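Have a look at the structure below, then the notes.
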Amino acid sequence: MIEVKNLSKKYKNKVLNGLYLKADKGECIGILGANGCGKTTLLEILSGSRKPDGGEITVFGKNPLKNKAVFSACIGYVPQENPLIYDLSVKDNIRLWFDGNRAEFKALFEKGIVSRLGLDEIKNKRVDKISGGMKRRLSIALALLKSPPVLLLDEPTTALDLKLKADIRNILKIYLESGGTVIMTTHDEGDLAVCTRLLLLKESRLTEIDKGISGKELIALL
């Protein structure tokens, strides 16, 4: 579904160097690593918001580096910082990202992703007036509006309460069961439990690690 070969990115130092990554339908891959190791840079490249210095990306057999439309059609991205316009309402933020017709837009609030994330109840509130957890839900809803087959999440449950974390994980499980693919950065043990595979990003390279790794062992690896 999505495959990365020999990916590289350099700032002052080499952040990514010869990375290989393949994620198939229904997989949830957790990317682990110390702060500053390049996890966010990797997701930014996979989302099309940052250019790599070298390497290949293939999504459904297509090259998004040559055709940017592949990124927008196939990949939903939830960055660490919520991509929201704070002085607009929840509904207006959704309207800016949505490109369907009026009936489809209405359905989002009645039985679609907006309703499933509990945002229909606060649709008329300004974004700067809603909680951090609701902002995060809204960011995830925006990423899923087009039902992309690949979802990228950068620390999706950081600083959220236990209920919100559980709600987001349930949404991810449903998405995976429907055949979606998730690649996310996280250190939260609850998030790791959703993952089908774990990869460690260290010294500019990705290494697969055992899903049954203990917290102490993981800390030692980082």
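The values are calculated or read from the model by the stated rules, or taken from the named source; none is laboratory data. Bear in mind the structure is a predicted one, so any value in this text is a computation, not a measurement. For neighbour counting, all protein chains shown are included, and Cβ atoms are generated from backbone atoms with ideal geometry for every residue, glycine included. Just so you know, the surface numbers come from the protein's heavy atoms only, side chains and all, with ligands and any DNA or RNA stripped out. Shrake-Rupley method; radii C 1.70, N 1.55, O 1.52, S 1.80 Å.
In square angstrom, what is the accessible area per residue of the stretch 1-42 with a 1.4 angstrom probe?
Accessible area per residue: 46 Å².
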Please state, to two decimals, what the Cα-based radius of gyration of the stretch 7-110 comes to when divided by 2.2 N^0.38 Å (N = residues). 1.30
Cα gyration tensor category, rounded, prolate or oblate, for the stretch 132-199 with a/c compared to 1.5: oblate
Between 54, 212, 118, where does the largest GNM mean-square fluctuation fall for the chain, given springs only between Cα atoms within less than 10 Å? 212
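Past the 24 Å Cα-Cα mark, which pairs from 68/129; 68/146; 125/165; 91/111; 106/146?
68/129
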Would you mind computing Rg(Cα) / (2.2 N^0.38 Å) for the stretch 1-62, counting N as its residues? 1.10
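What size of dipole, in debye to the nearest 20, comes out for the chain about its Cα centre when the only charges are +1 on Lys and Arg C-beta atoms and -1 on Asp and Glu C-beta atoms?
Details: 36 positive and 27 negative charges, 102 e Å.
In total the dipole reaches around 480 debye.
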Amide H of residue 78 versus every other amide H placed in the peptide plane: which residues, excluding those fewer than 5 positions away on the same chain, fall under 5 Å? 152, 153, 154
Considering only 200, 172, 147, whose Cα is most displaced toward the positive end of the charge dipole of the stretch 121-222, charges sitting on Cβ of Lys, Arg (+1) and Asp, Glu (-1)? 147
State, to one decimal in nm, how far the label point of residue 96 lies from the label point of residue 196, with both points 7 Å from Cα in the Cβ direction. 3.5 nm
Please list, ordered by chain and number, the residues whose modelled amide H lies under 5 Å from the amide H of residue 50; skip anything fewer than 5 residues away on the same chain. 45
Could you give the spread of the C-alpha atoms of the stretch 160-213 along their three principal axes, from largest to smallest, in whole angstroms? 34, 27, 20
Quick one: which residues, 5 or more positions from residue 182 or on another chain, have an amide H under 5 Å from its amide H? H modelled 1.01 Å from N in the peptide plane, none for Pro or chain starts. 27, 28, 29, 151
Give me the percent of the accessible area of the chain that comes from carbon and sulfur atoms, probe 1.4 Å, all protein chains in place. 49 percent
Would you kindly compute the Cα radius of gyration of the stretch 103-222 and its largest Cα-Cα separation (Dmax), both in Å? 16.2, 53
Working out 0.36 nm times the residue gap between residue 65 and residue 11, then minus their Cα-Cα distance, what length gain in nm do you get to one decimal? 17.5 nm
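By how many nm would the segment from residue 209 to residue 25 lengthen if fully extended, with 0.36 nm per residue of separation less the alpha-carbon distance?
64.2 nm
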Stretch gain in nm, segment residue 159-residue 120, where the contour uses 0.36 nm per residue and the Cα spacing is subtracted: 11.8 nm
